[in-house]
Amino acid sequence: MTEPPPSPEDKALSRHRPEDLAPLRQRTIVLVGLMGVGKSSVGRRLANLLDLPFRDADTEVEAAAGRSISEIFAELGEAAFRDGERRVIARLLDEPPHVLATGGGAFVNPETRALINAKAVSVWLKADVELLARRVSRKDNRPLVRGKDPVEVLTELARVRNPAYAEAQVHVQTGDTPHMVAVEAILTALRARLPVAE
């Protein structure tokens with residue numbers, strides 16, 4: 001299910017002038033973090049604001065495999081999905097700058113993590129497990145939580161994955177707020193990290 005494009009009101013929330021954003025368009029921005037944190041929704045708005053293409057790694061994996069992620073997990077297993085995900089992300093990182101939303105496990109792969117940090121700017125979107133559990137419970141399209149307690153699953157995933165996410169170049173804490181609040185936080189963090197033309 002795709003979201004409508006960001007509204008003019010969303011764009012108007014930005015406090016950043018176009019000339020301030022120009023340096024942020026030079027490298028691909030890769031969003032990483034646990035499922036439900038809003039990587040795709042935030043990524044679309046960030047890309048729109050920066051006037052960059054948006055890519056969703058999960059969508060690209062599905063297109064390459066010719067089947068849904070749930071079907072890949074069910075028919076081929078998680079290892080096959082992760083291998084395809086790694087190859088797709090490597091291909092996407094060779095494209096011109098864009099905003100890329102990755103699947104929750106992508107950045108855990110050491111090879112993928114190193115490639116992202118070498119070729120792009122990695123941004124870890126963080127949120128409380130309870131909030132993420134509420135979000136992922138709204139849909140039945142997450143193979144890792146289907147039929148399980150989402151709080152337990154996400155708590156364990158956070159324990160295993162957070163050390164890898166911590167290697168992202170930018171960390172942004174998000175909450176139960178409009179996605180444009182997270183976009184603003186990302187832009188502020190990126191501008192603090194990257195050279196900005198005077």
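Here, each number is a calculation from the coordinates, and none is a lab measurement. Not measured: the values here are computed from a predicted model. Reconstructed Cβ throughout: ideal geometry from the backbone, glycine too, with neighbour counts over all protein chains shown.
Can you compute 3J(HN,Hα) from phi for each residue in the range 85-93, using the Karplus curve 6.51 cos²θ - 1.76 cosθ + 1.60 with θ = phi - 60°, rounded to whole Hz and x for Gly and Pro?
4, 4, 5, 5, 5, 4, 5, 5, 5
Given the Cα-Cα distance of ARG25 and GLU71 and 0.36 nm per residue of separation, how much length would full extension add, in nm? Please report the intermediate quantities before stating the final value.
On the way: separation 46, 0.36 × 46 = 16.56 nm, distance 3.51 nm.
My answer for the length gained is 13.1 nm.
Just the number: Rg to Rh for the range 24-192, Cα atoms, Kirkwood Rh, two decimals.
On the way: Rg = 15.0 Å, Rh = 16.0 Å.
Here the Rg-to-Rh quotient is 0.93.
If I model a spin label as a point 7 Å beyond the Cα along the Cα-Cβ vector, how far apart are those points for ALA63 and LYS119 in nm?
Computed distance between label sites ALA63 and LYS119 equals 1.6 nm.
Taking amide H positions as placed 1.01 Å from N in the peptide plane, with prolines and chain starts having none, which residues 5 or more places from ILE29, or on another chain, fall under 5 Å of its amide H?
HIS98, VAL99, LEU100, VAL121
Tell me, ASP20, ASP149, ASP58 in order of fewest to most beta-carbon neighbours within 10 Å?
Details: ASP20 14, ASP149 11, ASP58 21.
The most exposed by this proxy come first: ASP149, ASP20, ASP58.
Using a simple charge model, +1 on the beta-carbon of Lys and Arg, -1 on the beta-carbon of Asp and Glu, nothing else, what dipole does the range 24-192 show about its Cα centre, in debye to the nearest 20?
The calculated dipole for the range 24-192 is roughly 320 debye.
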